[in-house]
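Undergrad: Structure in C-alpha cells, see below.
The values are calculated or read from the model by the stated rules, or taken from the named source; none is laboratory data. Everything numeric here is computed off the predicted structure, so don't read it as measured data. Note that each Cβ is placed from the backbone with ideal geometry, even for glycine, and that neighbours are counted across all protein chains shown.
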Amino acid sequence: MTSGVLFVISAPSGCGKTTILDEILRSTPGLIFSISHTTRAPRAGEQDGVAYHFTDEPLFRKMVGEDAFLEWAEVHGKLYGTSKGTVEHHRRRGLDVLLDIDTQGALQVRERLPAGEAVLIFIVPPSWQELERRLSGRGTELPENVTLRLKNARREMQCIDHYDFVVVNDDLPSAIATLRAIIIAERSRRRCSPDGLPIPILADLATDDCGA
C-alpha cells in the first residue's frame, strides 16, 4: 500500500482557511484531519479530541522531551504540537493527512520529513485591503487587534517561498476547487486515483523495466 502524504496548510488569520478546509474534508475521500495537542484551555463548545487534544504543560513538555511531536511551537504563551505517531499511523494506512498549522510548524515539518512526503500549501487573500476588510468585518476585533493581525500576516507571508503551492481565496468555490486539484494532482503523481486509492492496473507492473 502506498504511504499517505501529509498536506500542510497555513494561512494568515482572516483568509477563510477554516471554511475551505471544512469543505475539503467533507468532500474528499481518503483524507483525514490531524488533531493537534495544545495547552490552552478549551473554549465554549470545544470537545477534547475533536477541536484539539487538550493537555497540561508538564505533559506537553514531557512529550517534547520524548520527541513525540512532528512539530511544535509556542503561540501567545500556549503550546501547540502535532503527534508524530498519530500522523505516521494514518499514513501507514494509506490515508492522506491534512495538517492546519502556522509557518513555524510548517517549516519544522519541511526540515524533518524527506522530500516529497509533505506538501506545503499557503492560502492568501487577494489583497491587503480585502484582508483588512474581512478582519474588520468580523465585528469582534478591536482596531489595534486588526492592525496586529495584519502585521502578523505580512510576517507569515515572508515564508511563502518555502511552500510548494499558493491558493488565493478571492472566490471561495474557486479556492476550494484549487486546493482539491492540488490534492488530486499529488495523488496522481504517486500513481493513485483521485480518491487516493491504488490504481489496480498498475499493481503488478515492473515499473523499473520500461525499456524491456
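Undergrad: Got a sec? Which of 79, 99, 107 is touching a residue at least 60 places away in the same chain (Cβ under 8 Å), surrounded by 16 or more Cβ atoms within 10 Å (Cβ to Cβ) and under 19 Å from the mean Cα position of the chain (by Cα)? If you could, list the steps in order and put the result at the bottom.
TA: On the way: 79 fails: touching a residue at least 60 places away in the same chain (Cβ under 8 Å); 107 fails: touching a residue at least 60 places away in the same chain (Cβ under 8 Å).
On inspection, the qualifying residue turns out to be 99.
Undergrad: Would you confirm, using the coordinates I've provided, whether residue 45 is more than 17 Å from the chain's Cα centre (by Cα) and either in a loop (DSSP other than H, G, I, E, B) or surrounded by 13 or more Cβ atoms within 10 Å (Cβ to Cβ) (or both)?
TA: yes
Undergrad: Turning to a different aspect of this structure: Could you run through the stretch 9-31 and say how many residues are surrounded by fewer than 17 Cβ atoms within 10 Å (Cβ to Cβ) and touching a strand residue (DSSP E or B) at 6+ places or on another chain (Cβ under 6 Å)?
TA: Total satisfying the criteria: 1.
Undergrad: Answer yes if at least one residue in the stretch 49-61 is in contact with a Leu (Cβ under 9 Å, 6 or more places away or on another chain), surrounded by 20 or more Cβ atoms within 10 Å (Cβ to Cβ) and either among the basic types (Lys, Arg) or in a loop (DSSP other than H, G, I, E, B) (or both), and no otherwise.
TA: Taking every residue of the stretch 49-61 in turn, none turns out to be in contact with a Leu (Cβ under 9 Å, 6 or more places away or on another chain), surrounded by 20 or more Cβ atoms within 10 Å (Cβ to Cβ) and either among the basic types (Lys, Arg) or in a loop (DSSP other than H, G, I, E, B) (or both).
Undergrad: While we're on this one: Tell me which residues, restricted to the stretch 1-18, are within 25 Å of residue 134 (Cβ to Cβ), out of contact with any helix residue (DSSP H, G or I) (no Cβ under 6 Å at 6 or more places or on another chain) and at pLDDT below 95. Show your work before the answer.
TA: Going through the stretch 1-18, the residues within 25 Å of residue 134 (Cβ to Cβ) turn out to be 7-18.
Next, from what is left, pick out any that are out of contact with any helix residue (DSSP H, G or I) (no Cβ under 6 Å at 6 or more places or on another chain): 7, 9, 15-18.
Scanning the stretch 1-18 gives 15, 16, 17, 18.
Undergrad: Moving on to the next point. Among the residues of the stretch 128-147, are any modelled with pLDDT of 85 or more, within 21 Å of the chain's Cα centre (by Cα), surrounded by fewer than 17 Cβ atoms within 10 Å (Cβ to Cβ) and at negative phi?
TA: Within the stretch 128-147, not a single residue is modelled with pLDDT of 85 or more, within 21 Å of the chain's Cα centre (by Cα), surrounded by fewer than 17 Cβ atoms within 10 Å (Cβ to Cβ) and at negative phi.
Undergrad: So, one more: With a cut-off of at least 3 residues that are aliphatic (A, V, I, L, M), name the helices (runs of 4 or more DSSP H) lying wholly within the stretch 87-204.
TA: Filter on the stretch 87-204 gives 103-112, 143-157, 172-189.
Undergrad: Confirm whether residue 40 is basic (Lys, Arg), modelled with pLDDT of 90 or more and under 19 Å from residue 68 (Cα atoms).
TA: In short, yes.
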